[in-house]
Amino acid sequence: MNRIAFIGGGNMARSLIGGLVRTGTAGAAIAVAEPRADAREALAREFGVGAWADNAEAARGADVLLLAVKPQMMRQVCEGLASTVQAGRPLVISIAAGIRLIQLERWLGGRLPVVRCMPNTPALIGAGATGLVANARVSAPQRAEAEHILGAAGLAVWIDDEAQMDTVTALSGSGPAYFFLLVEALEDAAARQGLPRETARRLAIQTCLGAGRMLGEDGEPPAALRQRVTSPGGTTQAALDAFAAGGFAALVAAAVAAATRRGGELSAQLGD
């Protein structure tokens, strides 16, 4: 049984730990380093994991080291763990946005199998979408282990080219905020038409939830489902024409491009 050590016990780490425990990983096989005493106690109590205040104590003897700290803290954390990691040479998984594989490997002392991934916030309820990319040192069994860990909180998809991770961040990493913005706009628009706001919100949420389930379960591409519910000259067509006139597709493309560009900028700012 592989021993998994989490460095950082925040919301995303908690969601992954919860998913692992739900899918059969023993709490005793998981260690967490978390500086806040109340959070350590809560993790130990809820999941039966070992909880430590010291990063190196949690990481010692781990087969998998999952780095769940903020990007701005990553270099300091990695350099502090380098001697421990070099002694044990675990698979390293990072969920920090913008930190490149080569940066992680260098900060940890080099010659390590490293996986970089970008989960999103729906992982907190087991419905996440995560893109993963590995360096050349990651073996097939280690790839399977990384996919198992991230897949415990939702969909996990491998990316071949690390340069595409900024786009993954822009799409699925930031994507939940786009969805929330759409629901917010639908609610506001319906309220302006006179519908009670609470009713508008409930209908908007359920409509988007139902549409998402159809996409996931039907198997048809989005364009086919859109065409299926659009009658020529009907109400849906009128709304879609208004979206097109307002440049909806171009606006979405510009938003994703802006987020992709910003991901690259953040990576560059954190340095080598």
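Only one of these is of a type outside the set (Ser, Thr, Tyr) and within 21 Å of ILE30 (Cα to Cα): ALA82, ALA136. Name it.
Values: ALA136 fails: within 21 Å of ILE30 (Cα to Cα).
So the residue among ALA82, ALA136 that is of a type outside the set (Ser, Thr, Tyr) and within 21 Å of ILE30 (Cα to Cα) is ALA82.
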- Considering residues of segment 224-272 that are of a type in the set (Ser, Thr, Tyr) and either in contact with a Pro (Cβ under 9 Å, 6 or more places away or on another chain) or surrounded by 11 or more Cβ atoms within 10 Å (Cβ to Cβ) (or both) only, the residue nearest to ILE102 (Cα to Cα): SER267
- Message: Among the residues in segment 236-259, are any touching a residue at least 40 places away in the same chain (Cβ under 8 Å) and among the polar types (S, T, N, Q)?
- Response: no
- Item | Single condition GLY216 does not satisfy, out of (1) in the same structural domain as VAL114 (by TED's automatic domain parsing); (2) out of contact with any strand residue (DSSP E or B) (no Cβ under 8 Å at 6 or more places or on another chain) | (1)
- Task: Look at THR207 and say whether it is of a type in the set (Val, Ile, Thr), crowded, with 18+ Cβ neighbours inside 10 Å and either touching a strand residue (DSSP E or B) at 6+ places or on another chain (Cβ under 7 Å) or at pLDDT 95 or above (or both).
- Result: no
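Of the residues that sit in segment 213-241 and are small (Gly, Ala, Ser) and modelled with pLDDT of 95 or more, which one is farthest from the chain's Cα centre (by Cα)? Full working, then the answer.
From segment 213-241, those small (Gly, Ala, Ser) are 216, 219, 223-224, 231, 233-234, 238-239; that's our starting set.
Still in the running and modelled with pLDDT of 95 or more: 223-224, 231, 233-234, 238-239.
Values: ALA223: 26, ALA224: 28, SER231: 37, GLY233: 40, GLY234: 38, ALA238: 36, ALA239: 32 Å.
Step by step, filter segment 213-241, then rank; the result is GLY233.
If I ask for residues that are part of a helix (DSSP H, G or I) and either of a type in the set (A, V, I, L, M) or over 29 Å from THR84 (Cβ atoms) (or both), which ones from segment 104-124 would you list?
So in segment 104-124, the residues part of a helix (DSSP H, G or I) come out as 104-107, 121-124.
Once the filter is applied, which keeps residues that are part of a helix (DSSP H, G or I) and either of a type in the set (A, V, I, L, M) or over 29 Å from THR84 (Cβ atoms) (or both), segment 104-124 yields LEU104, THR121, PRO122, ALA123, LEU124.
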- Item | Per-region count, segment 125-181, residues assigned to a strand (DSSP E or B) and not polar (S, T, N, Q) | 11
- Query: surrounded by 14 or more Cβ atoms within 10 Å (Cβ to Cβ), touching a residue at least 40 places away in the same chain (Cβ under 8 Å) and in the same structural domain as ALA253 (by TED's automatic domain parsing) - does that describe any residue in segment 136-154?
  - Reply: no
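Tally the residues that are over 12 Å from the mean Cα position of the chain (by Cα) and either in contact (Cβ under 8 Å) with a residue 60 or more places away in the chain or surrounded by fewer than 18 Cβ atoms within 10 Å (Cβ to Cβ) (or both), restricting the search to segment 84-124. First the steps, then the outcome.
First, pick out the residues of segment 84-124 that are over 12 Å from the mean Cα position of the chain (by Cα): 84-93, 98-115.
Applying the additional criterion that residues be either in contact (Cβ under 8 Å) with a residue 60 or more places away in the chain or surrounded by fewer than 18 Cβ atoms within 10 Å (Cβ to Cβ) (or both) yields 86-90, 98-103, 106, 109-111.
Matching residues across segment 84-124 total 15.
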- For ALA58, indicate whether it is assigned by TED's automatic domain parsing to the domain that holds ALA129, among the aliphatic types (A, V, I, L, M) and surrounded by fewer than 21 Cβ atoms within 10 Å (Cβ to Cβ). no
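Taking helices (runs of 4 or more DSSP H) that fall entirely within segment 1-103, which contain at least 1 residues that are of a type in the set (Phe, Trp, Tyr)?
Numbers: elements: 11-22, 37-47, 55-59, 71-88.
Per the criteria, 37-47.
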- Message: Checking the structure you have, find out if any residue of segment 46-54 is touching a residue at least 60 places away in the same chain (Cβ under 8 Å), β-branched (Val, Ile, Thr) and at negative phi.
- Response: no
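The values are calculated or read from the model by the stated rules, or taken from the named source; none is laboratory data. What you see is a predicted model, and the numbers here were worked out from it, not measured in a lab. Glycine gets a Cβ as well: all are built from the backbone with ideal geometry, and neighbour counts include every protein chain shown.
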